[in-house]
Amino acid sequence: MSPDGAAEVRETPGWAWWLLLLVALCTLGVGVLLLVAPHRTLSTLAVIVGIYLMVVGVLWIGVGIAVKEVRGGSLWRGLLALVAGAVLIRHPADSITVLALIFGIVLLVAGVFALVGAIENAERRGWRIVAGVVDLGIGILIVSWPQFGIYTFAIVLGISLLVRGAIEAWLAVSGMTLSRHGEHPQGSSTLSPA
């Protein structure tokens with residue numbers, strides 16, 4: 001509450017939307033790279049995915065620090081992505097099964113956090129549900145059938161990253177637009193990027 005007794009309106013800092021847009025651009029870039037060159041060796045694929053996870057992990061931690069409403073989910077998602085990325089970079093020559101399982105688990109956790117976020121916050125609930133279902137679906141597919149070939153894994157992962165990146169980009173751009181115009185969804189006093 002503000003000193004005059006009115007409800008205090010808290011807005012997401014503008015830089016949090018830029019962080020989410022960076023996450024989206026990284027996700028789209030890696031998705032395109034995997035679809036354009038799915039024949040890469042296992043070591044190259046592991047390093048690309050590892051670097052992606054580390055960069056996105058840092059960005060998600062930044063979003064978690066900036067936005068109180070998504071702090072827990074973003075921080076845990078970011079920490080998990082950092083650890084998974086470090087493991088992939090440290091051991092890039094391990095089997096495709098290990099690579100698939102690590103990324104599949106990251107997608108499962110991200111999907112759960114997206115769905116929990118959709119339940120807790122009404123803002124952009126539909127897009128959060130779509131993102132959560134896509135992450136869970138691809139995560140379940142990868143974890144239940146981790147014996148992908150490198151080519152198949154790169155294609156499946158590339159498609160899922162393109163879908164995820166497009167959703168994240170839309171959320172970031174719509175958040176920036178709403179913040180710039182000072183609009184708030186009905187019944188809500190905050191904007192949150194995740």
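The values are calculated or read from the model by the stated rules, or taken from the named source; none is laboratory data. Just so it is clear, the structure is predicted and the values come from calculations on it, not from any experiment. Note that we place each Cβ from the backbone using ideal geometry, even for glycine, and neighbour counts take in every protein chain shown. These accessible areas exclude ligands, DNA and RNA; they are computed on the full protein's heavy atoms, side chains included. Shrake-Rupley method; radii C 1.70, N 1.55, O 1.52, S 1.80 Å.
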> How large is the convex hull of the Cα atoms of region 50-109 per residue, expressed in Å³ as a whole number?
Replying inline: 55
> Could you give the distance between the Cα centres of region 59-134 and region 150-173, to the whole Å?
Replying inline: 13
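Can you classify region 107-176 as rounded, prolate or oblate using the Cα gyration tensor, where a ≥ b ≥ c are the square roots of its eigenvalues, rounded means a/c under 1.5, and otherwise it's prolate if a/b beats b/c and oblate if not? All intermediate terms of the calculation are to be shown ahead of the outcome.
Numbers: a/c = 4.09, a/b = 1.73, b/c = 2.37.
Oblate, because a/c is 1.5 or more while a/b does not exceed b/c.
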>> Solvent-accessible area of Tyr151, probe 1.4 Å, all protein chains present, reported in Å² to the nearest ten, please.
In response: 140
> In a shell of Cβ-Cβ distance under 14 Å around Trp127, excluding Trp127 itself, what net charge do Lys and Arg (+1) and Asp and Glu (-1) give?
Replying inline: +1
